[in-house]
Amino acid sequence: MEEKLFSKENVALLNDFYTDLILVERHAQLTAETYLLSCQEFVKWAEEKKYPLKEFDVKKLFFFLVSRRESACSEFTVAKDISALRAFGFFLT
């Protein structure tokens, strides 16, 4: 049996985020896909750590970005993740 990657709630949230990027924010499709991938990594990390998305603060976001950098992600990738998470944060509020 295949392991669930995301809760149903987070799958719906990520799908709504992607739709918002395309239809409301009017980002290019490639940008929206890139942001979605970054946010999927973030949500996966949050679920592994058992951190509810509604209870996130700057400290936990910092821990995520540090973990990305420690996993050999380039500075460019981390910068992209910051942009994606900024858009995700605006979407959530």
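Mind telling me which of the residues 26, 69, 86 ends up being open to solvent by 100 Å² or more (accessible area, probe 1.4 Å) and in contact with a helix residue (DSSP H, G or I) (Cβ under 7 Å, 6 or more places away or on another chain)?
None of the others qualify; the one that does is 69.
Restricting to the range 51-65, give me the number of residues that are under 19 Å from residue 6 (Cα atoms) and either in a helix (DSSP H, G or I) or touching a residue at least 24 places away in the same chain (Cβ under 8 Å) (or both).
Our first condition is that a residue be under 19 Å from residue 6 (Cα atoms); within the range 51-65, this holds for 51-56, 60-61, 64.
After this cut, where a residue has to be either in a helix (DSSP H, G or I) or touching a residue at least 24 places away in the same chain (Cβ under 8 Å) (or both) as well, the list is 53-55, 60-61, 64.
Residues meeting the conditions: 6.
Note on the range 37-49: residues that are crowded, with 17+ Cβ neighbours inside 10 Å, under 8 Å from the mean Cα position of the chain (by Cα) and not charged (D, E, K, R) amount to 5.
The values are calculated or read from the model by the stated rules, or taken from the named source; none is laboratory data. None of these values were measured; they are calculated from a predicted model. Ideal geometry is used to build each Cβ from the backbone, glycine not excepted, and the neighbour counts take in all protein chains shown. The area values use the complete protein model at the heavy-atom level, side chains included, leaving out ligands, DNA and RNA. Shrake-Rupley method; radii C 1.70, N 1.55, O 1.52, S 1.80 Å.
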